[in-house]
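Take a look at the structure set out below.
Values quoted throughout were computed directly from the atomic coordinates according to the rules given, and no laboratory measurement underlies them. The structure presented is a predicted model; accordingly, all values stated were derived computationally and were not measured. Glycine gets a Cβ as well: all are built from the backbone with ideal geometry, and neighbour counts include every protein chain shown.
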Amino acid sequence: MKDRTVAGGGRLEGEVRVPGDKSVSHRALILGALAVGESAIEGLSSGADVASTRTCLEALGVEISGEAPSLRVRGRGLGGLKAPSGPLDAGNSGTTMRLLSGVLAGHPFSSRFVGDESLTRRPMKRVAEPLRAMGATVALSGDDTPPVVIAGGALRGIEYALPMASAQVKSAVLLAGLHATGETTVIEPAATRDHTERMLTAFGVPVRMAGLRASVTGGSPLKATKVLIPGDPSSAAFWVVAATLAAGSELAVRGVGANPTRTGYLAVLARMGADIHREPARGEGGEEIEDLIVSSSDLSGVSVSAGEVPGLIDEVPILALAAALASGESRFHGLGELRHKESDRLKGIASLLTSFGAEARIENDDLIVTGVKTLQAAKVDSLGDHRLAMTGYIAGFLASGESAVMGASCAEISYPTFYDDFIARRA
Ligand code: S3P
């Protein structure tokens, strides 16, 4: 991994488009692979995580042509994947491993998932348990982490109440449910991103939704379709916060996904006093799109409730940076799930902010940040976590003096052109 230095000062100006939504991109490839016919995908994420899903699907016999952002997937039909000839490498991507575990639970062969050092530390029991209850054999290493070995086959539908708010687990169970007999229902403790439900509908599979319940009937065929993927709100959030905090900035972030299960960070920034104009843009397919027109403004501290967290889970690092430059104290409640991301992100955020001279402390699962007037230059470690790398870089841009982010290149997981795009819009 490569390091980056960043000199503080200046503002952001002009327009930017962020890469395609990472969550939607994984699902487009996976549902395309399970469909009958050829699906055309536009706007696919160029990040390394989505490339991991592509590699795994190709190893399962799926023909994919073209390169991100435009490609075509020749579907093999429900249950039509081929046994892989070696281990499936999900790289850094929890979404790849967890969603494909659900799919492979419904296939009558054995598959072994591996991943990088970070993924190999992440909890997999959360998907193994429901998939076992449906009839799959799933083996994990001693501490319930990867490698994940799945012997799939005849599955039966279940009703499953998720113990944690996780769109990945919800999606794994629904994808397994497509291959099961009867009906499969998931019940979430709090609403999480609903991209799987929306995209299944776009592929012609009825999903019955009622409050926090979603159900599918096994055996419903998927029909190939055209998928247009919006810009990733989680990537847009870095721009929105940076332009808000850098005095004199005027920036338009175009074509960003506006799915309400993903825009919680905009509501929090609005409460803090941010000046963000949301302009609905032309959407196609199952996802809404908007342009975000951002002018810099002063922010005040905010309280984020535990119930809001699933709707902004990936934006907590950059929101915490906003809190570090807001007046007064901010409190983010119920961040326990952040301990299980690409790094222990809760600890990583607190240590990053402290390095830049802000006050941040963890109390149980809460993060408390006290804003400062200016950040001091710092040398911080990305911990191999793309979202911490980009947060650290923006903190350096906002600080006085020259900062460094060690292992900054892991931004390629979700946003390969981030640093170049950023430099091009600095004024
Ligand atoms: C994702 C769900 C979230 C999120 C991750 C992507 C998805 O993870 O943090 O970046 O695409 O379903 P969890 O399901 O573990 O909360």
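Details
- Here's the list of aspartates and glutamates a cross-link from residue 341 could span, going by alpha-carbon distance under 17 Å and ignoring same-chain residues fewer than 8 apart: 49, 116, 117, 143, 144, 314, 315, 365, 366, 381, 385, 412.
- Taking each DSSP H run with n ≥ 4 as -39500 (n - 2.57) and averaging over every residue of the chain yields -9000 deg cm²/dmol at 222 nm.
- Applying both filters, DSSP loop and at most 13 other Cβ atoms within 10 Å, to the GluC sites (Glu not before Pro) of region 32-128 gives 117.
- Here the label points at residue 297 and residue 183, each 7 Å from Cα along the C-beta direction, are separated by 4.5 nm in the simple model.
- Per-selection Kirkwood Rh - region 22-228 (Cα, Å, 1 d.p.): 16.4
- Over all other residues within a Cβ to Cβ distance under 15 Å of residue 120, the charged ones net out to -2, with Lys and Arg as +1 and Asp and Glu as -1.
- About the centre of its Cα atoms, region 22-228 shows a dipole size close to 320 debye [charges on the beta carbon of Lys, Arg (+1) and Asp, Glu (-1) only; nearest 20 debye].
- Flagged links, alpha-carbon separation over 32 Å, of 82/170; 82/125; 2/82; 82/226; 82/347: 2/82; 82/347
- Over region 27-95, volume per residue of the alpha carbon convex hull, in Å³: 77
- Cα-based Rg and Dmax for the chain, where Dmax is the largest Cα-Cα distance (Å): 20.9, 62
- Cleavage-rule hits (GluC sites (Glu not before Pro)) in region 244-304: DSSP loop, at most 14 neighbouring Cβ within 10 angstrom: 284
- Crossing angle, helix 233-245 versus the chain [Cα axis fit, 0-90 degrees, rounded to tens]: 10
- Ordering 272, 390 by the number of other Cβ atoms within 10 Å of each residue's own Cβ, fewest first, gives 272, 390.
- Put in line by how crowded their Cβ is, counting other Cβ atoms within 10 Å and starting with the fewest, 78, 140, 325 read 140, 78, 325.
- Between 0 and 90°, nearest 10: helix 94-104 axis offset from the chain longest Cα axis: 10
- Binned Cα-Cα distance frequencies in region 122-198 - 5 Å width, integer %: 3, 17, 27, 25, 18, 9, 1, 0
- Net charge of Cβ neighbours under 13 Å - reference residue 57; Lys, Arg +1; Asp, Glu -1: +3
- The trypsin sites (Lys or Arg not before Pro) of region 324-427 that meet both conditions, a loop assignment by DSSP and at most 10 other Cβ atoms within 10 Å of the site Cβ, are 373.
- With q set to 0.12, 0.14, 0.23 Å⁻¹, the log10 of I(q)/I(0) for region 263-327, from the Debye formula over equal scatterers at the Cα positions, is -0.34, -0.46, -1.04.
- ³J(HN,Hα) computed for each position of region 338-347 - Karplus, 6.51 cos²θ - 1.76 cosθ + 1.60, integer Hz, glycine/proline x: 5, 5, 10, 8, 4, 9, 6, 5, 5, 5
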